[in-house]
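Below is one structure, written out as structure tokens, with a few remarks after it.
The values are calculated or read from the model by the stated rules, or taken from the named source; none is laboratory data. Not measured: the values here are computed from a predicted model. Every residue, glycine among them, receives a Cβ derived from its backbone with ideal geometry; neighbour counts consider all protein chains shown.
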Amino acid sequence: MNIHQVTHRYPPRTGGVESHVHAVSHELADRHMVTVRTADRAGDEPRFEWDGKVKLYRRRSLPPWHLSPMSLMDGRSGLADVVHCHNAHSLHPVLAALAADCERLVFSPHYHGFEGRTKLIFGPYRILIRRALRKADRVIAVSEHERDLLSDDLGVDAEVVPHGLDYSGVGSGRPVETGNDFALFVGRLVPHKNVEAVIDTAVGKGMDLVVVGEGPELPGLVRYADENGGSDTVFFAGRVDDELDEMYAGASVLLNPSSEEAFGMVVGEALARGTPCVVNPESGLSRWLDTDGVVGAAPEEMGAAVDEAVESDVDERPLPSWSEVAGRLEEVYR
């Protein structure tokens, strides 16, 4: 098959959708022709390059919705047997889906609803999302929570194909040590991630905290840590690639109080390294609550949950492999 994946961003940009598209594209490229079309070209990055066996086209776009003049064209490639669009929270894949003229259109919304400021635009934008999803031959949710949100908010039926994990390098590195028990946060530094609550929890428990990730909230979070007792114990690591496995393995606990989440891949990554997790049960992270090693707590109540989490057993194979996920996608594409 000739498969085109359309997404808003792609590595080296970080995030759950970015990691998902990268992983499944490389698995599928062992058996099919795979092209990724993304809207995150910046600076002097090439318009086209090979990422291993994957063809990669980057478009320039207008932030924050990744509106590109090529969005419509990326859905209308006459060469594709399958166009698979990812992320309903970005205009690039939504417009590509609306314009698609392929034999089979698949959409993975990675939908987590709209809250706060974004809720103001949900009314008109939902018309576009609903049209794109209803045009698709198959809609894929990564969790039961996302499936239910799609049904409740948009009246769209979806089937569940979860994220996967790469187990090949698990346990191969030496756990990072800070000289003290440390909590870990991994994710984009944006408001709905509630990183202030992570800082408050670590400081309150007398733990070091390592924050992995980039985003617009970084300067404010550095100030918040300095002003709230974390000047010497909260470390902002930025983007981490090579040592992330070791950070997961060395942490006493992963904290994820995000209020908008379709899945929460970092929770699975931490569990696979034997690290327990505390998550916000009021988002898509609720799908983890029946997994050994995961404790649910509201952002302001995570401190008490840390003690329970660190004493719990951990399920170290909480998800299928990416190879298994790619196999399920092949069934959908057919």
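Just give me the residues in region 289-322 being surrounded by 15 or more Cβ atoms within 10 Å (Cβ to Cβ) and under 25 Å from Glu27 (Cα atoms), in sequence order. Asp315, Glu316, Pro318, Leu319, Pro320, Ser321, Trp322 - these are the residues of region 289-322 that are surrounded by 15 or more Cβ atoms within 10 Å (Cβ to Cβ) and under 25 Å from Glu27 (Cα atoms).
Could you list, in sequence order, all residues of region 13-25 that are of a type outside the set (A, V, I, L, M, F, W, C) and touching a residue at least 40 places away in the same chain (Cβ under 8 Å)?
Those that are of a type outside the set (A, V, I, L, M, F, W, C) and touching a residue at least 40 places away in the same chain (Cβ under 8 Å): Thr14, Gly15, Gly16, Ser19, His20.
State yes or no: is Val332 of a type outside the set (Gly, Ala, Ser), in contact with a Lys or Arg (Cβ under 6 Å, 6 or more places away or on another chain) and over 22 Å from Phe182 (Cα atoms)? Yes; evaluated as a whole, the condition is true for this residue.
Contact map, region 37-54: first residue closer than 15 Å to Ile3 by Cβ, second residue of a type in the set (Lys, Arg) and part of a loop (DSSP other than H, G, I, E, B), Cβ cut-off under 9 Å, separation 6 or more or different chains; pairs are Arg37/Arg59; Thr38/Arg9; Thr38/Arg13; Thr38/Arg59. Every residue in region 260-289 that is among the polar types (S, T, N, Q) and in a loop (DSSP other than H, G, I, E, B), please. Across region 260-289, the qualifying residues are Thr275, Asn280, Ser283. Apart from one condition, Gly284 fits all of (1) crowded, with 22+ Cβ neighbours inside 10 Å; (2) touching a Pro at 6+ places or on another chain (Cβ under 8 Å); the exception is (2).
Going through (1) modelled with pLDDT under 90; (2) in a helix (DSSP H, G or I); (3) hydroxyl-bearing (Ser, Thr, Tyr) one by one, Ser168 falls short only on (2). Here Phe236 fits the description: modelled with pLDDT of 90 or more and under 30 Å from Phe114 (Cα atoms).
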